[in-house]
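A.B. asks: Before I ask anything, here is the structure I am working with.
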Amino acid sequence: MSAWSLVYESYEPAKEKLREALCTLGNGYFATRGAAHEAQADGIHYPGTYLAGGYNRLKTEVAGRDIENEDLVNMPNWLCLGFRINGGDWFKIDEVEIIDYRKELDLKRGVLYRNVEFKDAEARVTRIFGRRLVHAGNPHLAAQELIIEPVGWSGRIQVLSALDGRVINAGVDRYKELNSKHLQVLEKRVIDEETVFLKVHTSQSELRVAEAARTRIFNGDALIGKAVEDVEESEYVGQVYEVEAKAGEAIRIEKVVALYTSRDRAISECGLDAREAVTAAPDMAELMRTQALRWAQLWHRFGIDMEGVSPKQGEDVLRVLHLHMFHLLQTTSMISMGLDAGVPSRGWHGEAYRGHIFWDELFIFPTLNLRVPEITRGLLMYRYRRLPQARRAARREGLKGAMFPWQSGSNGREESQEVHLNPQSGRWIPDNSRRQRHVNAAIAYNVWQYYQVTGDKEFMFFYGAQMILEIAASWSSLAEYNQEIDKFEIHGVMGPDEYHDAYPGSDEAGLRNNAYTNIMAVWVLNCALEVLKLLPRVRREELCFELDLGQKDFDRWEEITRKMKIVFHDGNIISQFEGYDKLEEFDWEGYREKYGDIQRLDRILEKEGDTPNRYKLSKQADTLMLFYLLSAEELSALFERLGYEFSHDTIPRNIDYYIKRTSHGSTLSYVVHSWVLARSDRRRAWQMFRRVLQSDIQDIQGGTTPEGIHLGAMAGSLDLIQRAFLGIEARGDVLWFNPCLPEELERLGLQVCYRRNPIRVEISKKHLTISAMDGVSETVKIGFRKKVYDFNGGESRVFLL
């Protein structure tokens, strides 16, 4: 198995849904899970196709009240391609004897293969060879090919090719009590002897989706087989083809699909354009050729070169990194730039978290910023377009500015549930996660980091500045002045930890003075004041007038950045929130002995009638997020501004304190912990990094990955390579390098894009080589060990480590 392939050599029903998620194919516009062509949704298989931004809302009565949820909709299943021999049963892999099996995801070309040799109930042996793609260049096209080869028998083969609109959202067990029928069929018909058509719309959002499928059957290059029967049901349309097969002669079936929606640009009507596109679509061979070409172009920009001290370990690590980059590019691609869609935490790979957008952008955008930052810009525009909804949310809370939601979907309203189901106890419990106001700091941080890498003044002046200023205004409104201590405080919030949403025994939701929230609020206000200086006078005056901001507001911002309350205990341990030191220590050893896997302590404790609110424990990094986002120099300056001491042992003491009290109930936790340990404890940092790599491919959370990948952790692993191991930081007008190559690696190399200029970076045990490539159009400033160097196109320098 190479570093470019994910291979499964046996069929294991219990792992099929996990493999379907990991073998999803997509292009940023839509994605289809790696389910078998003959599969239907059941306890083993779950075909699913998801459109970027394809949401719908349904109401369900829960615990005596109507709850409305917005879901990423499972669109009509275009995979349907079944066959049977001599009028027998339709082929199902779970009902035959498997002789040989291989499933391979070709990461280099974006193609999924499945080869099966089986013996049926009539003792006939048959080989099938399948391949599939979702085209990386044409957002609307997908295709699959199925080759059937009789072994020692001849007979009649019937093939059923269909489009299935009967699908519902049933990919997450804990949502099964909720209404799940999102689609209504508007039109279905057989177009001609090789084409069928289906058009649906979503019941509430009225999004129209059209699919047209063209099916052809070949023996060698000869087109054979005619449709002998049309199959039309209320929400299903297909055709049955019939061919005579001979022993040893392969029958090849080719199915090409076009998918369009009513939201597409430059179309007349989605059904018309889908039918025209599938008629004009190339054959499978040409689609494979152009697919390989497009992926080669993507890997040129996004590739990673790596050698491990152990060649096998190096290849294993590189394979997973390729897998992670592959799924990142299937969720957010060049195609994404023109769409009005965000980046969901679980990709377009399943129905987990209902396809919502959280704060995972914080872990995803850094990789995109340094490769193709135009993708980041497009995704930031998703946030900008939802400013009106964020402003309304702030007004409802009595705040100025804009307050973005913890969970966002179609139009940017708060999509967090009011109650959620604990699958361990079976109880519906209150959900206070909407109190994670820190998502607003993440959005402002993302805007600023994009600007640092790109220097994109147009975006900053017309879009980014407005987001930062309005977020700053909401933080200023949220901060309350405590005259007794002459400090500003923020109450009623949740930090990234998520285990603590209230004080023990309190009826009041939220916490006081979460350190991460308060410090990042100060960071945002500082950033906003910096942005005001950056803006041209006319644009600054326009924005201040439009947003009703004046000197009084800016004076308050300045004051908050000097008087925000931060709580400490045990010397310089930054208290996760006020009162944290009064919580009980948790019996980590006892619970590990009792339960083994204790990543989701919140569910375990709730089942026991207890709550994490009583204990010093965390689901994931909370206070330590500060060391992930901000350098020691930045934090030191912030603390000094606030009047608090920041000594040389502040970071290591806090890392040691909190790492012992974290259950890693989120895959993002390992990303942050690997980062903060990278320079102080390389061995543990590498262990955490390997854990990040295992997150999805081994489904370390025990059943979550089948519902959708963890895109934040996948992108986080890539960002660890770029910004932790290579030590890349865009600051000011300089691209700084401070590499820290893990002992397990011999060499690491990649290409980055800084201020529209391509730069090649290579690191070994002894050398850092930086090359400004021929496409560099202007002098680039590179920083290494406090010195700044000017690079021009074609220039290369080697630095000793």
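A.B. asks: Given (1) under 26 Å from LYS487 (Cβ atoms); (2) open to solvent by 40 Å² or more (accessible area, probe 1.4 Å); (3) touching a Gly at 6+ places or on another chain (Cβ under 9 Å), where does MET625 come up short, assuming only one miss?
C.D. replies: All conditions are met except number (2).
A.B. asks: Here is a follow-up. Could you tell me whether any residue of segment 91-108 is hydroxyl-bearing (Ser, Thr, Tyr), outside any strand (DSSP E or B) and either open to solvent by 10 Å² or more (accessible area, probe 1.4 Å) or touching a helix residue (DSSP H, G or I) at 6+ places or on another chain (Cβ under 9 Å) (or both)? Working first, answer last.
C.D. replies: Looking only at segment 91-108, we keep the residues that are hydroxyl-bearing (Ser, Thr, Tyr), and these are 101.
Going one step further and asking which of them are outside any strand (DSSP E or B), we end up with none.
Taking every residue of segment 91-108 in turn, none turns out to be hydroxyl-bearing (Ser, Thr, Tyr), outside any strand (DSSP E or B) and either open to solvent by 10 Å² or more (accessible area, probe 1.4 Å) or touching a helix residue (DSSP H, G or I) at 6+ places or on another chain (Cβ under 9 Å) (or both).
A.B. asks: Here's another thing I want to ask about it. Looking only at segment 698-753, which residues are open to solvent by 30 Å² or more (accessible area, probe 1.4 Å), within 19 Å of LEU800 (Cα to Cα) and free of Cβ contacts under 8 Å to residues at least 60 places away in the same chain?
C.D. replies: Result: TRP736, ASN738.
A.B. asks: Can you tell me which residues in segment 233-257 are more than 37 Å from the chain's Cα centre (by Cα) and either among the aliphatic types (A, V, I, L, M) or open to solvent by 40 Å² or more (accessible area, probe 1.4 Å) (or both)?
C.D. replies: Those that are more than 37 Å from the chain's Cα centre (by Cα) and either among the aliphatic types (A, V, I, L, M) or open to solvent by 40 Å² or more (accessible area, probe 1.4 Å) (or both): VAL240, GLU242, VAL243, GLU244, ALA245, LYS246, ALA247, GLY248, GLU249, ALA250, ILE251.
A.B. asks: Follow-up. For GLU211, which of the numbered conditions (1) of a type in the set (Asp, Glu); (2) under 31 Å from the mean Cα position of the chain (by Cα); (3) open to solvent by 30 Å² or more (accessible area, probe 1.4 Å) fails to hold?
C.D. replies: (3)
A.B. asks: Which residue is farthest from HIS322 (Cα to Cα), if the candidates are limited to segment 23-44 and must be of a type in the set (D, E, K, R) and touching a strand residue (DSSP E or B) at 6+ places or on another chain (Cβ under 9 Å)?
C.D. replies: GLU38
A.B. asks: Go through segment 282-295 residue by residue and tally those that are open to solvent by 10 Å² or more (accessible area, probe 1.4 Å) and over 22 Å from the mean Cα position of the chain (by Cα). Explain how you work it out, then say what you get.
C.D. replies: Going through segment 282-295, the residues open to solvent by 10 Å² or more (accessible area, probe 1.4 Å) turn out to be 282-283, 285-286, 288-290, 292-294.
Adding the requirement that they be over 22 Å from the mean Cα position of the chain (by Cα) leaves 282-283, 285-286, 288-290, 292-293.
The number of residues fulfilling the criteria is 9.
A.B. asks: List, please: which pairs have Cβ atoms under 8 Å, are six or more places apart or on different chains, and start with a residue in segment 261-290 that is closer than 22 Å to LEU183 by Cα and at pLDDT 95 or above and end with one that is open to solvent by 50 Å² or more (accessible area, probe 1.4 Å) and assigned to a strand (DSSP E or B)?
C.D. replies: Here the result reads THR261/ARG208; SER262/ARG208; CYS270/ARG208; GLY271/GLU187; GLY271/ARG208; ARG275/ILE191, each pair linking segment 261-290 to a residue that is open to solvent by 50 Å² or more (accessible area, probe 1.4 Å) and assigned to a strand (DSSP E or B).
A.B. asks: In addition: Please find, among ALA41, ALA3, ALA35, the residue that is of a type outside the set (Ser, Thr, Tyr), in a loop (DSSP other than H, G, I, E, B), surrounded by fewer than 23 Cβ atoms within 10 Å (Cβ to Cβ) and in contact with a His (Cβ under 7 Å, 6 or more places away or on another chain).
C.D. replies: ALA3
A.B. asks: Would you check if GLU559 is out of contact with any Gly (no Cβ under 8 Å at 6 or more places or on another chain) and within 21 Å of GLN620 (Cβ to Cβ)? It would help to see each step written out before you state the result.
C.D. replies: Numbers: out of contact with any Gly (no Cβ under 8 Å at 6 or more places or on another chain): yes; within 21 Å of GLN620 (Cβ to Cβ): no.
The answer is no for GLU559.
A.B. asks: Evaluate segment 146-168: report whether one residue or more is surrounded by fewer than 17 Cβ atoms within 10 Å (Cβ to Cβ), over 21 Å from GLU249 (Cβ atoms) and at pLDDT 95 or above.
C.D. replies: yes
A.B. asks: Kindly establish whether GLY793 is of a type outside the set (Val, Ile, Thr), within 22 Å of SER631 (Cα to Cα) and either in contact with a strand residue (DSSP E or B) (Cβ under 8 Å, 6 or more places away or on another chain) or open to solvent by 70 Å² or more (accessible area, probe 1.4 Å) (or both).
C.D. replies: No, not satisfied.
A.B. asks: Mind checking which residues of segment 337-358 are of a type in the set (Lys, Arg) and crowded, with 24+ Cβ neighbours inside 10 Å? So that I can check it myself, show each step before the final result.
C.D. replies: From segment 337-358, those of a type in the set (Lys, Arg) are 346, 354; that's our starting set.
Answer for segment 337-358, where residues must be of a type in the set (Lys, Arg) and crowded, with 24+ Cβ neighbours inside 10 Å: just ARG346.
A.B. asks: Hey, another quick one. Need pairs with beta-carbon distance below 7 Å; first residue touching a residue at least 40 places away in the same chain (Cβ under 8 Å) and small (Gly, Ala, Ser) and within segment 297-310, second part of a strand (DSSP E or B) and open to solvent by 20 Å² or more (accessible area, probe 1.4 Å); sequence gap 6+ or separate chains.
C.D. replies: That search, which allows pairs on different chains as well, returns GLY308/GLU746.
A.B. asks: Identify the residue in segment 172-205 that is among the acidic types (Asp, Glu) and within 28 Å of the chain's Cα centre (by Cα) and, among all such residues, is most open to solvent (accessible area, probe 1.4 Å).
C.D. replies: Ranking the qualifying residues of segment 172-205, first place goes to GLU177.
A.B. asks: Hey, another quick one. I'd like the full set of residues that are out of contact with any Asp or Glu (no Cβ under 6 Å at 6 or more places or on another chain) and either over 22 Å from ALA528 (Cβ atoms) or buried (at least 23 other Cβ atoms within 10 Å of the Cβ) (or both), limited to segment 473-487.
C.D. replies: ALA473, SER474, TRP475, SER476, LEU478, ALA479, GLN483, GLU484, ILE485, ASP486
A.B. asks: Considering only residues of segment 649-697 that are in a helix (DSSP H, G or I) and among the acidic types (Asp, Glu), which is most open to solvent (accessible area, probe 1.4 Å)? Break it down stepwise before answering.
C.D. replies: Going through segment 649-697, the residues in a helix (DSSP H, G or I) turn out to be 650-659, 667-677, 682-697.
Remaining after also requiring among the acidic types (Asp, Glu): 656, 696.
Values: ASP656: 73, ASP696: 3 Å².
Ranking the candidates gives ASP656 first.
A.B. asks: Can you tell me which residue in segment 417-434 is most open to solvent (accessible area, probe 1.4 Å), limited to those that are touching a Phe, Trp or Tyr at 6+ places or on another chain (Cβ under 8 Å) and modelled with pLDDT of 85 or more?
C.D. replies: Only one residue tops the list, namely ARG434.
A.B. asks: Tell me, which residue of segment 300-340 that is modelled with pLDDT of 95 or more, among the aliphatic types (A, V, I, L, M) and not in a helix (DSSP H, G or I) is nearest to the chain's Cα centre (by Cα)?
C.D. replies: Here the residue is LEU339.
A.B. asks: Something else now. Give me the residue from segment 760-773 that is farther than 17 Å from ALA730 by Cα and in a strand (DSSP E or B) and, out of that set, most open to solvent (accessible area, probe 1.4 Å).
C.D. replies: HIS767
A.B. asks: Hey, could you check segment 7-32 for residues that are in contact with a His (Cβ under 9 Å, 6 or more places away or on another chain) and part of a loop (DSSP other than H, G, I, E, B) and say which is surrounded by the fewest Cβ atoms within 10 Å (Cβ to Cβ)?
C.D. replies: The qualifying residue surrounded by the fewest Cβ atoms within 10 Å (Cβ to Cβ) is TYR29.
A.B. asks: Looking only at segment 599-630, how many residues end up being at pLDDT 90 or above and part of a loop (DSSP other than H, G, I, E, B)? If you could, list the steps in order and put the result at the bottom.
C.D. replies: In the first step, residues of segment 599-630 are kept if they are at pLDDT 90 or above; the result is 601, 604-605, 608-630.
The next check asks that each one be part of a loop (DSSP other than H, G, I, E, B); those that pass are 608-611, 616-617, 619-624, 630.
Qualifying residue count for the region: 13.
A.B. asks: Tally up the residues in segment 58-78 that are open to solvent by 20 Å² or more (accessible area, probe 1.4 Å) and in a loop (DSSP other than H, G, I, E, B), please.
C.D. replies: Final tally of qualifying residues: 2.
A.B. asks: Can you pull out every residue in segment 442-486 that is assigned to a loop (DSSP other than H, G, I, E, B) and within 25 Å of ASP555 (Cβ to Cβ)?
C.D. replies: ALA479, GLN483, GLU484, ILE485, ASP486
A.B. asks: Consider ASN138 carefully, then state whether it is open to solvent by 10 Å² or more (accessible area, probe 1.4 Å), within 25 Å of PHE326 (Cα to Cα) and assigned to a strand (DSSP E or B).
C.D. replies: Judged against the criteria, ASN138 is not a match.
A.B. asks: On to the next question. Filter segment 696-724 down to the residues that are on the phi < 0 side of the Ramachandran plot, more than 13 Å from the chain's Cα centre (by Cα) and not aliphatic (A, V, I, L, M) and list them by number.
C.D. replies: The first filter runs over segment 696-724 and keeps only residues on the phi < 0 side of the Ramachandran plot, leaving 696-698, 700-701, 704-707, 709-724.
Filter once more, keeping what is more than 13 Å from the chain's Cα centre (by Cα): 697-698, 700-701, 704, 706, 719-724.
Those that are on the phi < 0 side of the Ramachandran plot, more than 13 Å from the chain's Cα centre (by Cα) and not aliphatic (A, V, I, L, M): GLN698, GLN701, THR704, PRO706, ASP719, GLN722, ARG723.
A.B. asks: Now, a different point. Kindly establish whether ASP264 is in a helix (DSSP H, G or I) and over 27 Å from GLU149 (Cα atoms).
C.D. replies: Here the answer is no, as ASP264 does not meet what is asked.
The values are calculated or read from the model by the stated rules, or taken from the named source; none is laboratory data. Model, not experiment: these values are computed from the prediction. Neighbour counts run over all protein chains shown; Cβ positions are idealised from the backbone, glycine included. Surface accessibility is based on the protein's heavy atoms, side chains included, excluding ligands, DNA and RNA. Shrake-Rupley method; radii C 1.70, N 1.55, O 1.52, S 1.80 Å.
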